[in-house]
Amino acid sequence: MKAIVYEKVNSSKILVLRDIVKPMPNTHEVLVRIHAASVNALDYRPMQMGVGIPKSRIFGADIVGMVEAVGRDTTTFKIGDMVVGDISENGCGGFAEYVAVDERVLALKPSAISDEFAAAVPVAAVTALQALRDKGELTAGMRLLIYGAGGGVGTYAVQLASYFGAQVTAVCSTRNTALVRSLGASEVIDYTREDITTSSRRFDRIIAINGYHRLSAYKHLLVPNGTVVMVGGSLKQIFTSLLFGSLMSIGSKKMRTLAAKPNRKDLEFVLDLVASGKIHPVIDRCYPLEQTAEAMSYVSEGHAKGKVVITVTSK
């Protein structure tokens, strides 16, 4: 089978298309013929940092495809089922024609959702859900600021927050303002024209996704008993949040860092919302499998509008 494999050549780290052995499912695994995948920060960040490289050296957490074979003790799926999932805790491997994964990380793909849309859901939508519902404890009527609303997680966060009844103020780049407004934001701020951290506005919750401000600047925007949830951001922000988040949470204003985890129930919840038209994936562009390196580079630059999808195998 064909796969995009991470390799080191001298001092360079590259992704190359290789022919490798097709995997076989173990007892609780299913073999999925992948139709589409999508790119996430957890794909390109390990390359940037030099740690967390998948054992198979094949990135790709989001997958959608058809079950082609099942292990002896599988009970959930049968051959021919269309499935979708976040396989990041099963070693990734989505940028390939086939992958063998534990059946427990997969969900049935609703027939109403296209392969490309389904591939754009798992990591980004579940991350947004867990940030808002679990870490942020968002409830209807709350004033919410989403910083970094134009990317994969951000576009889902705006839609989910609106679905939950929050009053959403979204911060994004000039080219994304119309899109983000159409997703349900009550107010959209172009960060090239206004620095929200210098304003007198205050929020009950802040979801910081791709901002580069000091954590104290976000905390300053909170009302008493408010919460900032850090979701990604610059490497400096991530390390600062992990190291000093507990200290910055002394008092009524809280600083929390999300480490999103794959969760089938959460995935099924957002898939149902997509299938019913209550939210929808935003896809910037699609790349064929052989151009995965270009797709990874594009997403890592931080300018993708929503998600970037890899088309692996046609139906």
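As for segment 235-254, it holds at least one residue that is over 26 Å from Val121 (Cβ atoms), modelled with pLDDT under 90 and assigned to a strand (DSSP E or B). Scanning segment 90-104 for residues that are within 14 Å of Lys55 (Cα to Cα) and assigned to a helix (DSSP H, G or I) yields one hit, Asn90.
Scanning segment 1-19 for residues being touching a residue at least 60 places away in the same chain (Cβ under 8 Å) and not in a strand (DSSP E or B) gives a total of 1.
Within segment 54-98, the set of residues being within 21 Å of the chain's Cα centre (by Cα), among the acidic types (Asp, Glu) and within 19 Å of Ile4 (Cβ to Cβ) comprises Asp62, Asp86.
May I ask you to list the residues in segment 33-56 that are in contact with a strand residue (DSSP E or B) (Cβ under 7 Å, 6 or more places away or on another chain) and either outside any loop (DSSP other than H, G, I, E, B) or surrounded by fewer than 18 Cβ atoms within 10 Å (Cβ to Cβ) (or both)?
Narrowing segment 33-56 to residues in contact with a strand residue (DSSP E or B) (Cβ under 7 Å, 6 or more places away or on another chain): 33-40, 47, 53.
Passing the criteria: Arg33, Ile34, His35, Ala36, Ala37, Ser38, Met47, Ile53.
Only a single item in (1) assigned by TED's automatic domain parsing to the domain that holds Gly151; (2) buried (at least 17 other Cβ atoms within 10 Å of the Cβ) is not met by Ser252, and it is number (2).
When you look at Thr27, is it of a type in the set (Ser, Thr, Tyr), in the same structural domain as Val299 (by TED's automatic domain parsing), in contact with a His (Cβ under 7 Å, 6 or more places away or on another chain) and more than 30 Å from Gly154 (Cβ to Cβ), yes or no? So Thr27 does not fit the description; no. Identify, please: which residue in segment 165-203 is surrounded by fewer than 21 Cβ atoms within 10 Å (Cβ to Cβ) and in contact (Cβ under 8 Å) with a residue 60 or more places away in the chain and is, among those, nearest to Thr155 (Cα to Cα)? That would be Leu179.
Mind listing whichever residues of segment 295-312 are among the hydroxyl-bearing types (Ser, Thr, Tyr) and either in contact with a Gly (Cβ under 6 Å, 6 or more places away or on another chain) or closer than 10 Å to Ala37 by Cβ (or both)? Full working, then the answer.
So in segment 295-312, the residues among the hydroxyl-bearing types (Ser, Thr, Tyr) come out as 297-298, 300, 311.
Selection gives Thr311 alone.
Exactly one residue out of Ala107, Ala125 is in a strand (DSSP E or B) and closer than 20 Å to Ser88 by Cβ: that is Ala107. If the condition is being over 22 Å from Val270 (Cβ atoms) and outside any loop (DSSP other than H, G, I, E, B), then segment 198-209 contributes Thr198, Phe203, Asp204.
Return a yes/no flag: does segment 9-18 have any residue that is within 25 Å of Ser111 (Cβ to Cβ) and buried (at least 17 other Cβ atoms within 10 Å of the Cβ).
No.
Checking segment 111-124 against the condition returns a match, with at least one residue being more than 14 Å from the chain's Cα centre (by Cα), modelled with pLDDT of 95 or more and more than 19 Å from Val39 (Cβ to Cβ). Among the residues of segment 151-210, those identified as among the polar types (S, T, N, Q), modelled with pLDDT of 95 or more and within 24 Å of Ser252 (Cβ to Cβ) are Gln167, Thr169.
The values are calculated or read from the model by the stated rules, or taken from the named source; none is laboratory data. Since the model is a prediction, treat every value here as computed from it, not as a measurement. Backbone-built Cβ (ideal geometry, glycine too); neighbour counts: all protein chains shown.
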